[in-house]
Each structure stands twice: as structure tokens, then as C-alpha cells.
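What follows is calculated from the coordinates using simple rules that are stated; it is not laboratory data. Bear in mind the structure is a predicted one, so any value in this text is a computation, not a measurement. Cβ sites come from the backbone with ideal geometry, for glycine too, and all protein chains shown count toward neighbours.
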Amino acid sequence: MASIQTDCFVDIIGNVKVLCRVMKGKRRLYETGRVQRLAAIAAADLRSPTRKRRYNRCLFAQVAPRYQLATRCLSFGRDRHWKALLLDRLPEATEPVVVDLACGTGDLSLALARRYPSGQVTGLDISSRMLQRAQQRAAGAALHNLRFAEADMDDLPLPPQSVDIVTGGYAIRNAPDLQNALFEIYRVLRPGGMAAFLEFASPPQRWRRTLQLRLLRLWGQIWGLLLHGNPEVYAYIARSLTHFPDSQALDCLLQRIGFAPPRSRSLMAGFVRATWVTKPFSA
């Protein structure tokens, strides 16, 4: 009897091992399929807002589970410091209406809710998987002045002049249509309101830009391979910068839209930039 029980136990263990191998194989196939879909979309011209929007949804659905870790690794652990710096220069306000664009898993949104406990903070993102992670974190922090919603920054579901502060951490570079997204931010801000962005920067000098893109691509490939088994996941950062205006051009674009001259701070040897702009009271 003992021998039979032992044989049954061995069979069960063997079947479990086989099942685990099958599930791992299916997961690899699933991940491979997602990577192939991303590559197919990326092969198209991402200057098309429709294609870029589709790519963003696919990309951020894939990276959501490890997005927080990825931002720490890609920034050499400086990401938290940069976001704190961005918020430190926001205006003091008692009950502001705040919108955090492309909120991801909620780093800035949670910090904003803590900074403005009597305010109303809304985190918006195009990726439902990112929002799920953000909502879980907010629930754990018991922040009752914070909510999340799925939305496209090119078409904000907000009335004109209804927001006091808009933030975006690594947001505007991913806008399907950058100019339209900036117009939307300008539209929803009240006169005197502020927008603050933390973003990878493109230097105006061609040689620096070329060097930066190569380094960013290599660094992104390393962490894409380590975190997702796919070197191209974060190589997208470098590619997205090829269609993103350099710092001077971005400042000019913001002023053409109607913002006051921007204030900015260069970070990590110019690879990253924090920018603050206000909507004039005369607007």
C-alpha cells in the first residue's frame, strides 16, 4: 500500500512539473506574440497619431507590471528625486483641481494627492492596465481625494478653464499628437494655472543628439532584456525622441500656443528636463 501511495505521489509531482513546463511555454508564446505585435506597429510610421495611440496601448499594457521598477532602473535611481523636484515648484494652493496626464502606476498622482490633501486630483492614462496598478496603490494609501480614469491626452474629458494644475511625468513625448495635446492642456487650464512636465530631452546640437539617442537605445535595450526578455521594449524611448522637438523648439511651441515663457531645469547631463509653464491671466 505504501508503495502504491508513493507511486501516486511521484505521478502527481511529475504531472505538476509537466503542467508547469506547458504553462511556461504558453506564456513565452504569449509574450512573443505581444512583442511581435509591438514590432509590427513600431515598424509603421509612429508620426501617425492613430498608429502611435495604438502602439502606446500595446506597449504600456506589456510594461505595466514592472513599470515602477523600470523607471527606477532607467534613471539610475534618480526618478523619485526628479519627480519631487517637479512638484516642489508647483504653486501653494488650498483646494486646487489637479490633473496628472499619462499617470502610469500613479507616482505623481499619489504625491499630488498628499501635497494637496484638500484638493481634487485625477490621474488620466490611456492604458487600463497601468490604471489598475495605480488604483491598487491609491487604495492601499487610503487617499480619498484621488481618482483615476482612462483618457487620451489629445482629447481631455474636461471642460475649458476647469483645472488649476496639470502635470505629466514622461507624458508629452508619448502624445499621439503633441501640438494637439498641448492645446488641450492650455484649454483646460484656468488663467494663472500651471503645467509641469518631466520628460526626456533632446539637445539642439546634432552631435549631442546622436550620442544621446545611441546611449538611450543601448540602456533601454539592456533593461528591456533584463525586465521583459525583449530588448526593444525600452529602446522605444530613443525612437520616440527622433520625432520629439528639442528643448528650444518645445519652448517655442509652448509660447506659440499661448503659454508664458517656460522655466526649466536640465537633469542628468541634459538627458532629462523639468519644465514649468503658466497660462497668462490675460488669456
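Could you work out how far the C-alpha centroid of the stretch 72-140 sits from that of the stretch 166-216, in angstrom? Between the Cα centre of the stretch 72-140 and that of the stretch 166-216, the gap is 17 Å. Inter-label distance, GLN120 to LEU226: 4.3 nm, where each label sits 7 Å from its Cα along the C-beta direction. Protection proxy ranking of 213-220, 123-130, by the mean of other Cβ atoms within 10 Å over each peptide's residues and highest first, is 123-130, 213-220. A simple rule links phi to the HN-Hα coupling: the Karplus curve 6.51 cos²θ - 1.76 cosθ + 1.60 with θ = phi - 60°, which for the stretch 143-149 gives 9, 8, 9, 10, 9, 10, 8 Hz, with x for Gly and Pro.
When both bridge partners sit in the stretch 55-278, DSSP labels roughly 40% of those beta bridges antiparallel.
Give me the base-10 log of I(q)/I(0) for the stretch 55-278 at each q in 0.11, 0.14, 0.16, 0.18 Å⁻¹, Debye formula, one uniform scatterer per Cα, rounded to two decimals. Each listed q corresponds, in turn, to -0.51, -0.85, -1.14, -1.47. Annotation: extensible slack from GLU95 through PHE183 equals 29.2 nm (criterion: 0.36 nm per residue apart, minus Cα-Cα distance).
Work out the FRET efficiency for ASP88 and THR242 from their Cβ-Cβ distance, taking R0 = 25 Å, and round it to the nearest 0.05. Efficiency at R0 = 25 Å is approximately 0.20. As a rough guide to protection, the peptides 266-276, 135-145 ranked by mean Cβ packing within 10 Å, highest first, stand as 266-276, 135-145. Amide hydrogen proximity for VAL272: with H placed 1.01 Å from N in the peptide plane, the residues at 5 or more positions away or on another chain lying under 5 Å are ALA201, LEU267.
Computing FRET efficiency as 1/(1 + (r/R0)^6) for ASP155 and GLN255, where r is the C-beta to C-beta distance and R0 is 25 Å, gives about 0.60. Inter-label distance, ARG214 to GLN68: 3.7 nm, where each label sits 7 Å from its Cα along the C-beta direction.
Evaluating 6.51 cos²θ - 1.76 cosθ + 1.60 at θ = phi - 60° for every residue in the stretch 243-254, the Karplus couplings come out as 10, 9, x, 5, 4, 5, 5, 5, 4, 5, 4, 4 Hz, glycine and proline recorded as x. Our estimate of slack between TRP207 and SER162, defined as 0.36 nm per intervening residue step minus the Cα-Cα distance, is 12.0 nm. Simple spin-label estimate for HIS81 and PHE281 gives 3.7 nm between the two label positions (7 Å along the Cα-to-Cβ direction from each Cα).
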